[in-house]
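Take a look at the structure below.
The values are calculated or read from the model by the stated rules, or taken from the named source; none is laboratory data. No experiment lies behind these values; they were computed from the predicted model shown. Please note: Cβ atoms are built from the backbone with ideal geometry, for glycine as well, and neighbour counts cover all protein chains shown.
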Ligand code: UD1
């Protein structure tokens, strides 16, 4: 199994290009099911989760051509098997994103229920409820969601009791080919939802309000081929900017996203980073021990839960006390025990982590990655720790960070991938 060996203590310097956003690419890939023709998707990140979604679509009969730079042409015209098997779904919860498009196109679908997950129970009840609102009959049989809409889906009102990102995306994709109008309230406002909607609109879908908490969809009979480029990954960018802040570095990240990174950039400024932004790049420079920053996670536009672990790592080496409250997932503190093993001074009470910065710095230790973002926080801790940190189970990192050690080494880090 691959591990990362990180020799800490180097500042990150240089420039970096952001990858395409995993959380946009996944629903956009799933949206290809809605199209009985070719969809070209550009700027897809090279990640294990993307490979899983591609395998899932291929297992249903979609045909793919991938160019050298990972531009993907998907031809779903021969897709004929609306079944998402457990073997693939169990490795990636986002596989549930095929439920809406399959029901919309085939009026039936069988999708395995995703199992448990390291960051909480993460049920899919809201996905199921919204399909019922659009007229689907759903039974859970032998671990599978068996969904049917004999006469096709019909528009309806969907009011999410909790803001759900993939739930909103599933509802939008289901409604695109449904008869009549669908109104989604308490919709997720995440930029990745907007990216999916922009792609669907390029295909001819009629959608208003993406980016607000009310999305209206007027069903159409069919969609047309399109060529779409996925937005940059704001969480990848945020993770690297946090790494630069922690290592007292100076890095330019080429991307065109500053507006959707606002809350993350604000917190990094509070930590003491100098940040200059324009339409095409972000330059972050840091020359001192970070100040502690309090964080409360919540749906967009507030602070993203996917950056919480990285900020606990940053607060662990800050010059004071901070508090990090996790409001989105119930059990997303698996990184805390590992950071404590590296010298972090962190106490957990319910959904709150109390951190006292250790200005003597962290020390290297063998640590275990437990989920995607938790793993990222351990890599950041390793970059500043004294000695060599060994991060085990890095398949979690490979699910969401494209060539992480190559990118960080380009900036001057010393990270080696080893198989043991
Ligand atoms: C997406 C992102 C993930 C991010 C999360 C929150 C993708 C592929 N993944 O995950 O990186 O951390 O948004 O920003 O885009 N919930 C229910 N029932 C449901 C669905 C969700 O109770 O049917 C709860 C969840 O347990 C959680 C909350 O709703 O407490 C929000 O989760 P949700 O937004 O659905 O997360 P995902 O879409 O799975």
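If the condition is being part of a strand (DSSP E or B) and either within 16 Å of the ligand (Cβ to nearest atom) or within 29 Å of residue 165 (Cα to Cα) (or both), then region 285-309 contributes 295, 296, 297, 303. When each of 79, 134 is tested for being without any contact (Cβ under 8 Å) to a residue 60 or more places away in the chain, within 16 Å of the ligand (Cβ to nearest atom), farther than 25 Å from residue 306 by Cα and buried (at least 18 other Cβ atoms within 10 Å of the Cβ), the lone residue that passes is 134. For region 313-351, a residue qualifies if it is within 15 Å of the ligand (Cβ to nearest atom) and touching a residue at least 40 places away in the same chain (Cβ under 8 Å), and the qualifying residues are 329, 330, 331, 332, 334, 335. Residue 112 meets each of the listed conditions (1) surrounded by fewer than 21 Cβ atoms within 10 Å (Cβ to Cβ); (2) at pLDDT 95 or above; (3) over 19 Å from residue 207 (Cα atoms); (4) touching a helix residue (DSSP H, G or I) at 6+ places or on another chain (Cβ under 6 Å) apart from (2).
For region 153-171, indicate whether the set of residues that are modelled with pLDDT of 95 or more, touching a helix residue (DSSP H, G or I) at 6+ places or on another chain (Cβ under 8 Å), surrounded by fewer than 23 Cβ atoms within 10 Å (Cβ to Cβ) and not in a loop (DSSP other than H, G, I, E, B) is non-empty. There is at least one residue in region 153-171 that is modelled with pLDDT of 95 or more, touching a helix residue (DSSP H, G or I) at 6+ places or on another chain (Cβ under 8 Å), surrounded by fewer than 23 Cβ atoms within 10 Å (Cβ to Cβ) and not in a loop (DSSP other than H, G, I, E, B). Selection of region 196-213 for residues being surrounded by fewer than 23 Cβ atoms within 10 Å (Cβ to Cβ) and either in a strand (DSSP E or B) or within 13 Å of the ligand (Cβ to nearest atom) (or both) yields 206, 207, 208, 212.
Quick check: is even one residue across region 63-73 more than 24 Å from residue 393 (Cβ to Cβ) and surrounded by 23 or more Cβ atoms within 10 Å (Cβ to Cβ)? No, region 63-73 has no match at all.
Filtering region 364-392 to residues that are within 18 Å of residue 315 (Cα to Cα), touching a helix residue (DSSP H, G or I) at 6+ places or on another chain (Cβ under 9 Å) and either outside any helix (DSSP H, G or I) or modelled with pLDDT under 95 (or both) leaves 364, 373, 374, 375. Beta carbons closer than 6 Å, at least 6 apart along the sequence or on distinct chains, pair a first residue in region 168-185 that is without any contact (Cβ under 8 Å) to a residue 40 or more places away in the chain and over 15 Å from residue 106 (Cα atoms) with a second that is away from the ligand (no atom under 14 Å from the Cβ) and in a loop (DSSP other than H, G, I, E, B) for 180/155; 180/219; 181/155. With respect to residue 125, determine if the residue is within 11 Å of the ligand (Cβ to nearest atom) and surrounded by fewer than 17 Cβ atoms within 10 Å (Cβ to Cβ). Here the answer is yes, as residue 125 does meet what is asked. Taking region 12-35 as the range and being out of contact with any helix residue (DSSP H, G or I) (no Cβ under 8 Å at 6 or more places or on another chain) and part of a loop (DSSP other than H, G, I, E, B) as the test, only 35 passes.
Each residue in region 252-284 was checked for being outside any strand (DSSP E or B) and at pLDDT 95 or above, and 11 pass. Residue 120 meets all of the listed conditions (1) in contact with a helix residue (DSSP H, G or I) (Cβ under 7 Å, 6 or more places away or on another chain); (2) modelled with pLDDT under 95; (3) within 15 Å of the ligand (Cβ to nearest atom) but one, namely (1).
For the condition surrounded by fewer than 18 Cβ atoms within 10 Å (Cβ to Cβ) and under 23 Å from residue 232 (Cα atoms), residue 44 does not qualify.
Filtered by the rule that a residue be closer than 18 Å to residue 202 by Cβ and touching a strand residue (DSSP E or B) at 6+ places or on another chain (Cβ under 7 Å), region 1-24 gives 20, 21. Return the residues of region 312-326 that are assigned to a helix (DSSP H, G or I) and touching a helix residue (DSSP H, G or I) at 6+ places or on another chain (Cβ under 7 Å); say none if nothing qualifies. Passing the criteria: 312, 313, 314, 316.
Within region 221-231, the set of residues being crowded, with 17+ Cβ neighbours inside 10 Å and in a loop (DSSP other than H, G, I, E, B) comprises 223, 230, 231. The combined condition, being more than 24 Å from residue 380 (Cα to Cα) and within 13 Å of the ligand (Cβ to nearest atom), is fulfilled by residue 28. Checking each residue in region 169-192 for being touching a strand residue (DSSP E or B) at 6+ places or on another chain (Cβ under 7 Å), under 16 Å from residue 34 (Cβ atoms) and within 15 Å of the ligand (Cβ to nearest atom) picks out 171, 172.
Take the residues in region 232-251 that are touching a strand residue (DSSP E or B) at 6+ places or on another chain (Cβ under 8 Å) and part of a loop (DSSP other than H, G, I, E, B); name whichever of them is nearest to the ligand (Cβ to nearest atom). Within region 232-251, the match that is nearest to the ligand (Cβ to nearest atom) is 233.
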